[in-house]
Amino acid sequence: MSAITFNANSYAQDSLEQNSLEQEGGEQEGYEQTSYEQQKNQQQDCSLNQLSSVLDFDAALVTRKYGLSLATDNTVCRVLPHNKEQALLSYFQYYQSNKDGYASYLWRVILVNRYSNQIEARYTGVIQENSAIKSHPDSNSIDSREYALSDNTPALGLILDLANGDSSPQEQEYRAFKTNRFLTLFVQEGDKLRPVLKHLPLDYEIEGSDTAGSNGEVYLHYGVQGKVEVLPTNSHGYHDLKLVTQGQQYSTDGEYDQTEEISFSTELKYDGKRYPVITERLPSPEFWQINQNSSQAETQDAN
């Protein structure tokens, strides 16, 4: 989509036809304004077709910087709830494979002005796959919730849905982790998007069979769903956050079934740079270890 511009000098200023031209100019400006408003309304859905030129330009920029394939994966886009003139666009590009054959991807996030097609801020990270972490076609999504960290600082939420699985036996106990929905919150600082909360685990499942029980083999299923709430209290200028998870634990030995409701919450406080997550306060240390392996250090921005 080409940028929409208004040229105040687009009409000749001939003094002999001033009145006529002013009338025409007023009509033309009214038409342009109407067209502009119609186009704004049509773009509320932030379809990728409208931003394809921005995506192509940015992908080419990243390709030149890192020597990657131009192909992009898992591309998503959403109009910002607090500013309809901006859209958040995110995509993956294949980066490299390690010695074990597991792929890593550049994770690109850009903030775009939807009416000028200008990229206003950007972020580049790395997602490393392993035996427990796998990306898939729906791995990348944008959180529609609003996170106002302060009066003037809205945070932008991105969610990575990574299909995790760990089927390695441990002391006669089999467990499979099916984890997904890792939340990252970004704030805009000039032309950068800075992650202040990185890869917070929201939803996960643990299931498998326990052969160490007194009744023989017992099937277990433990699953929760989580969300982040903004609290009224503050730390170092940003509101405190609260991770709230709810779910169920189900077990059966084939004869007796047992279901237990699960609820868990922990507060996250900004330390001036980020919201650190205290591992011991999460409900599953094993889950957190898998989450820690889901990404590598940030890369330099491809400006």
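A few notes on this one:
- Model label sites at residue 150 and residue 242, defined 7 Å from Cα along the beta-carbon direction, differ in position by 2.3 nm.
- Accessible-area ranking of 263, 69, largest first, probe 1.4 Å: 263, 69
- In order along region 52-58, phi translates into HN-Hα couplings of 5, 5, 5, 4, 4, 5, 5 Hz, rounded to whole numbers, per the Karplus curve 6.51 cos²θ - 1.76 cosθ + 1.60 with θ = phi - 60° and x for Gly and Pro.
- Accessible surface, 1.4 Å probe, highest first, among residues 239, 82, 199: 82, 239, 199
- Given 65/273; 99/192; 84/134; 192/227; 192/273; 198/227, the pairs whose alpha carbons are separated by over 24 Å: 65/273; 99/192; 84/134; 192/227
- Surface calculation, 1.4 Å probe, protein heavy atoms: residue 260 sits at approximately 90 Å² accessible.
- The accessible area of residue 262, taken with all protein chains in place and a 1.4 Å probe, comes to roughly 30 Å².
- In this label model, residue 274 and residue 116 are separated by 3.2 nm, measuring between points 7 Å along each Cα→Cβ vector.
- Extension gain for the segment residue 233 to residue 255, taken as residue separation times 0.36 nm less the Cα-Cα distance, is 3.1 nm to one decimal.
- Solvent-accessible area of residue 238 with every protein chain in place, 1.4 Å probe, in Å² to the nearest 10: 30
- Cα shape, region 215-257, gyration tensor, a/c 1.5 rule: prolate
- Relative to one another, the C-alpha centroids of region 226-258 and region 66-89 are positioned 29 Å apart.
The values are calculated or read from the model by the stated rules, or taken from the named source; none is laboratory data. Quick caveat: nothing in here was measured; it's all calculated off a predicted structure. Because the Cβ atoms are built from the backbone with ideal geometry, glycine has one as well, and the counts that use them run over all protein chains shown. The protein model used for the area step is the full one, side chains on, heavy atoms only, and it has no ligands, DNA or RNA in it. Shrake-Rupley method; radii C 1.70, N 1.55, O 1.52, S 1.80 Å.
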